[in-house]
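Have a look at the structure below before the remarks.
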Amino acid sequence: MDIVSWFQLATICLLGAVSPGPSLALVASNTIVRGRAYGVVTSLAHGAGIGLWAVLTAVGVVEVIVDKSGILLVLQSLGAFLIAYIGFRTLMDGGSNLLHEKETGATDSNPLLRAASEGLLISLLNPKIALFFLAIFSHLVNSDANRTEIILMGGTAAVVDALWYVAVALMLTGSNIGRLLADRSKVISRVSGSFLILIAVYLLGEMIRGLL
């Protein structure tokens, strides 16, 4: 892969990452409600999931998944229920986790493991990501691509995506913004939780409309 092709690949991955969607909503919500560490870990795990999608596209697996409408339906259903679960949990927590982390600097390994699982699953269970890679990313894949090129594609997609969402997490927890958000943590958790639930309802509605 030459430098021009790599730059095109990185640009497409960046454009895909910055486009609004459930992933951005989740990273922002996790960061605002639970703090910087939670948001950064969510972002890094999300990037890993994107890298996996890139590799699956390069080896032709995504095309098989898209052709099997049942698989996409399962992914969409699981993704919507995951977002709904996170939304309900955010509503129930009431912002207490954010205040605890801000005051004590606590970063328990269990919450961070949960952050990683959420970031990874939200990327793997989003069928629109599969469609994005098949429609756009696949055109950059050569039929004779070797293992090194495939790993480079996956790594590029993962790093670009992770860096974008880490930047979002850091921006949302900057000194001034972080203090402002911490002062309004209960309201923010309610708004974030409700917004995630609405996204889940929308995704389920789109799935049902597709079946009718």
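When the residues of segment 70-117 are filtered to those that are of a type in the set (S, T, Y) and either at pLDDT 85 or above or surrounded by 12 or more Cβ atoms within 10 Å (Cβ to Cβ) (or both), the one that is farthest from F195 (Cα to Cα) is T107.
Among residues of segment 1-28 that are farther than 18 Å from M153 by Cα, those with a beta-carbon under 9 Å from a residue that is not in a helix (DSSP H, G or I) at least six positions away or on a different chain give the pairs G21/N126; P22/N126; S23/N126. Among the residues of segment 4-16, is there at least one that is under 10 Å from the mean Cα position of the chain (by Cα) and in a helix (DSSP H, G or I)? No. Here M1 clears all of (1) assigned to a helix (DSSP H, G or I); (2) surrounded by fewer than 20 Cβ atoms within 10 Å (Cβ to Cβ); (3) modelled with pLDDT under 80 except the condition numbered (1). Of all the residues in segment 4-60, those that are out of contact with any Leu (no Cβ under 8 Å at 6 or more places or on another chain), surrounded by fewer than 22 Cβ atoms within 10 Å (Cβ to Cβ) and farther than 30 Å from T148 by Cβ number 3. Taking A158, is it closer than 15 Å to T31 by Cα, modelled with pLDDT of 80 or more and surrounded by 13 or more Cβ atoms within 10 Å (Cβ to Cβ)? So A158 does not fit the description; no. Within segment 19-33, being within 14 Å of K128 (Cα to Cα) and in a helix (DSSP H, G or I) holds for P22, S23, L24. For segment 167-212, filtered to residues that are closer than 25 Å to L14 by Cβ and of a type in the set (V, I, T), the residue that is modelled with the highest pLDDT is V168.
The values are calculated or read from the model by the stated rules, or taken from the named source; none is laboratory data. The structure displayed is predicted, hence computed values, not measured ones. Glycine gets a Cβ as well: all are built from the backbone with ideal geometry, and neighbour counts include every protein chain shown.
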